[in-house]
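Notes follow the structure.
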Amino acid sequence: MTRLLLLWLLLSVCHAVSAKPANVLLLNSYHPQYRWTDELTHGVRDALKTQLPPENLHVEFMDSRRFVDDVEYERKLVDLLKYKYRSYKPDVVITSDDHAYYFMLAQGSELFGNVPIVFCGVNVFYPQSLVGRDNITGIKEGMEIRGNLELIVQLQPQVERIVLLGDTTGLGLRMVERAKQIKQNWHNDQVELEIWDSFTLEQLYGQAERVSSNSAFLMLAIHKDANGQYFSFDNELPILSQRAKAPIYGMWGALMIGNGVVGGMMNDPYEHGFSAANMALRILQGEPVQQLPIQDKARFEPAFDYQQLKRFNIDLERLPENSLVVGQPIGLYQQNKQLINMVVAFIVFLIGVITLLLNNIRSRRQAQKQLTEFNQQLESVVHERTKDLEERNHQLEDASSQLIAMANTDILTGLGNRRAANDEIPAFIKRYNVVYQPLALAILDIDFFKKINDSFGHQTGDEILAALGLTLKTTLRPTDKIYRWGGEEFLIMLPDTQSDVAQMVCQRIRHNIAQIKSQEVDKVTVSIGLAEFYTGDDYNHLLKRADQALYIAKNRGRDQVVIATPPTQVGIDGGQAKLLS
C-alpha cells in the first residue's frame, strides 16, 4: 500500500512539472500608443491574469494605421513572426480589429498551423471568409452608423445635412461601402447624407470650416489622407474639431471623447478585449472552438463630452436616458434631482387642480377654439416651409448630379471618361481582392481610325464613335462598365465574368460593331485586348496586360480579340497573350 501511495505521488509531481502554462498571442492591428489598442490590450491582460502568467501573454502590434495597405511591410511582418514564434508557438491567437483578423485569415495557417483564433474589433465581417475554417470564433465589433445618424437627428432637430467621414484604405473603404448602402435606404427627406472619403487634411479642415451650423459630421474611420499623411485621433482630430463649424460625432469612445467629438453611440475597447480574452480562456480549458458561437455585435452605448455639448448648445434633455456625460459638473440639482423633481411635480399638480377649479365650461370651450385655430395656422406654416426645403434640396441634388456627370462623362458618346475609369476601376479591384470574384478588363481600339478621319472628316469619325458607343451599351449588361479611354480607344470592365465568358462577350462586341452602317465607311472593325483579373492584381498591371494584348492584336492584322496569358511567377508583367479571332 505504501509503495502504491509513493508511486501515485511521484506521478503527480512529474505531471505537475511537465504541464507547462499555455501561450497566448494578442495580435493588435495598430500601434501601442493608439488609445483604442491600449485599452483593448488592458482588457485582455485583466481577463487572462488570473489564469495565465504575464510572461505567457505575447503582445504584437502590426502598426497598420501607419502602414495601411503596404504589401511589402506585410511580407516582412510574416517573416518576423515566423522567426520569432518558431520556438514559442501560441496555443490561442487573439486578433484585435480588422487588419489583424484579415492578416490571420491570409497568413495564419502558414504561421501557426490550425491554432484556434479568437477575433474581436472586426467592423466589416464577411461570413464567406470562414467557410471551411473551423478554428475561428470571436466577437464582431460591427458599426453603429444608422444608430448614430438617428441620434444626431434626435439631438439636432434642425439638422439638414450629415457628412460621413472615411477614407479609401482597407478598413475605411469597407466602412464607406456600408455607409453608401445606408445612404441608399435613407428615407428622411429633411436630412441629406453626404460621404467624404478623398481629401488632404488641409482640404478636410477647409471644407469643415465652410459647413453650415445646421450640419453635423459622423466619423467612420480615417487612417490616411489622399497624400498618404497619417491621421491621428490625438493630434488631427482636435484640429478638425476646432476648425469645424458643426458638431462631430463618432463610434469609438476611447479615441474620441476628449479630442473634440460631441459623442455618439460608442463602443468600449476595454470591455471588448475582456470579452474576447474570456472566450480564449474557455478554449484553453478544453472547450471546442465550434461550440463557441460568433457574437454578432459589440455593445454601443451613448457617451458624450460635456464641453462639446455646451459649445454647440445641444440640449442635455435630448440625450438618451442612460447616457454617460464626461466632464459634467455636479450641481445642486443633480445632487437632489429626485427630491426636487418630486416637489416641482407636486406644485405643478396643485396648480393644475386650482386651475381646473377656477375655469368654467365657457372658458374651456373658448380656449379649445383658439387652440384649434392656432394648430391650423401652424400646420399651414410648417407645410409651406417643408415644401420650400424639399424644392431647394432637389435643386441642390440636381446641380450636384450635373457637375459630377460633366466631370466623369464623355460628351460625344455619353460614356464614362478616363477620369471615371481611374476612380471606379481601382475601387472594384480592391473589393474583388477581398471577395475573390472574377473580373475581366478589355481595351478596344477602332482599326485605321485616323485614316477614316483623314479621308472623310472628323464629323464622320464622330458619328462612328457615337454609333460604336451605342453598340457597346446595347451589347453589354447594365452592370458592365464602359469608358471612352481616349481618341478611338474604349475601356470595358466585365465584373463577375470568367475569362471564357469574357472572350465570347468580346467576340460578340466585335461582330456587332462590324454591323455599324455608314454612308462613307464600308465596314468598321476593331481590335480588342483582354486581360483576366487574378487575386493580388492591381489596376496598373491589369491595364498593362490588356494593352499588351491589344498591341499584339494590331500587329497580327487587327479585327480580332487577343487575351493576355496569366502573370508568371517571375512577376505580374511577365504575361504574354493568345489570339482569339
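Counting only protein heavy atoms and a 1.4 Å probe, the chain has 54 square angstrom of accessible area per residue.
Over the Cα atoms of the range 96-221, Rg to Rh with Kirkwood Rh, two decimal places?
Checking Rg against Rh, the ratio lands at 1.08.
Please report, largest first and rounded to whole Å, the three semi-axes of the ellipsoid equivalent to the range 377-495, where each semi-axis is the square root of five times an eigenvalue of the C-alpha gyration tensor.
Working from the Cα gyration tensor, I get semi-axes of 39, 23, 11 Å.
For LYS245, a cut-off of 19 angstrom between C-alpha atoms picks up these lysines, skipping any fewer than 8 places away in its own chain: LYS310. With R₀ set to 30 Å, the beta-carbon distance separating LEU378 from ASN313 gives a calculated FRET efficiency near 0.80. Computed from backbone phi with θ = phi - 60° and the Karplus coefficients 6.51, -1.76 and 1.60, the 3J(HN,Hα) list for the range 106-123 is 7, 10, x, 4, 5, 7, 10, x, 9, 4, x, 10, 10, 9, 8, x, 7, 7 Hz; x is used for glycine and proline. Applying the Karplus relation 6.51 cos²θ - 1.76 cosθ + 1.60 with θ = phi - 60° to the range 145-161 yields 3J(HN,Hα) values of 5, 5, x, 6, 4, 5, 5, 4, 4, 5, 7, 10, x, 8, 5, 10, 8 Hz, where x marks Gly and Pro.
Across every pair of non-identical alpha carbons in the range 199-254, the mean reciprocal distance, once inverted, gives a Kirkwood radius of 11.7 Å. In this entry, the range 432-581 is assigned a mean projected area of 8.6 nm², taken as a quarter of its C-alpha convex hull surface. Cβ-Cβ distance of ASN540 and SER455, R₀ of 41 Å, FRET efficiency by 1/(1 + (r/R0)^6): the value works out to about 0.70. Any lysines with Cα under 22 Å of the LYS517 Cα? List them, leaving off those in the same chain fewer than 8 positions away. List returned: LYS450, LYS451, LYS473.
Compute the signed sum of charges (Lys and Arg +1, Asp and Glu -1) over the other residues within less than 15 Å, Cβ to Cβ, of MET251.
-3
Annotation for the range 49-104: trypsin sites (Lys or Arg not before Pro) lying in DSSP loop with at most 16 further Cβ atoms inside 10 Å of their Cβ are LYS49, ARG66, ARG86.
Cross-link reach is defined here as a Cα-Cα straight distance under 18 Å, omitting same-chain residues fewer than 8 places apart; for LYS20 the aspartates and glutamates meeting it are GLU55, ASP91.
Normalised size of the chain, defined as Cα radius of gyration per 2.2 N^0.38 Å with N residues, equals 1.29.
For the range 124-140, the Karplus equation 6.51 cos²θ - 1.76 cosθ + 1.60, evaluated at θ = phi - 60°, returns couplings of 10, 10, 10, x, 5, 5, 9, 4, x, 10, 9, 10, 10, 8, x, 10, 6 Hz by residue, with Gly and Pro reported as x. Label separation (LYS20 vs ILE361): 9.5 nm, computed from points 7 Å beyond Cα along the C-beta direction.
With the helix formula -39500 (n - 2.57) applied to DSSP H stretches of n ≥ 4, the chain reaches a computed 222 nm mean residue ellipticity of -16000 deg cm²/dmol. For THR525, the amide hydrogen comes within under 5 Å of the amide hydrogens of ASP447, counting only partners 5 or more places away or on other chains and with H modelled in the peptide plane.
Counted residue by residue at 0.36 nm each, then reduced by the alpha carbon distance between them, the extension gain from ASN422 to GLN515 reaches 30.4 nm.
When the pairs LYS140/LYS544; LYS297/LYS430; LYS481/LYS554; LYS89/LYS430 are compared against a 28 Å limit on Cα-Cα distance, LYS140/LYS544; LYS89/LYS430 fall above it. As a length-normalised measure over Cα pairs under 8 Å and 6 or more apart, the relative contact order of the chain settles at 10 percent.
Relative intensity of the range 31-75 on a log10 scale, I(q)/I(0) at q = 0.21, 0.26, 0.30 Å⁻¹, equals -0.76, -0.92, -1.05, per a Debye sum over C-alpha point scatterers of equal strength in the absence of solvent. Note on the range 255-331: Kirkwood hydrodynamic radius from all Cα pairs is 15.0 Å, rounded to one decimal.
Our analysis of the range 314-456 gives Rg over Rh at 1.34, with the two radii drawn from alpha carbon positions and Rh computed by the Kirkwood formula.
Taking amide H positions as modeled 1.01 Å from N, with prolines and chain starts lacking one, the residues under 5 Å from THR95 and 5 or more places away or on another chain are LEU27, VAL118, PHE119, CYS120.
Placing dummy labels 7 Å off each Cα toward the beta-carbon, the span from LEU324 to GLN295 is 1.5 nm.
In the chain, carbon and sulfur make up what percent of the accessible area (probe 1.4 Å)? Carbon and sulfur together cover 53 percent of it. Pairs of Cα atoms in the range 244-403 fall into 10 Å distance bins, from 0 up to the last occupied one, in shares of 8, 16, 17, 24, 19, 10, 4, 1 percent. Using the Cβ-Cβ distance between GLN107 and THR50 with R0 set to 35 Å, the FRET efficiency from 1/(1 + (r/R0)^6) comes to roughly 0.65.
The values are calculated or read from the model by the stated rules, or taken from the named source; none is laboratory data. None of these values were measured; they are calculated from a predicted model. Quick reminder, even Gly has a Cβ in these numbers, built from the backbone with ideal geometry, and neighbours come from all protein chains shown. Just so you know, the surface numbers come from the protein's heavy atoms only, side chains and all, with ligands and any DNA or RNA stripped out. Shrake-Rupley method; radii C 1.70, N 1.55, O 1.52, S 1.80 Å.
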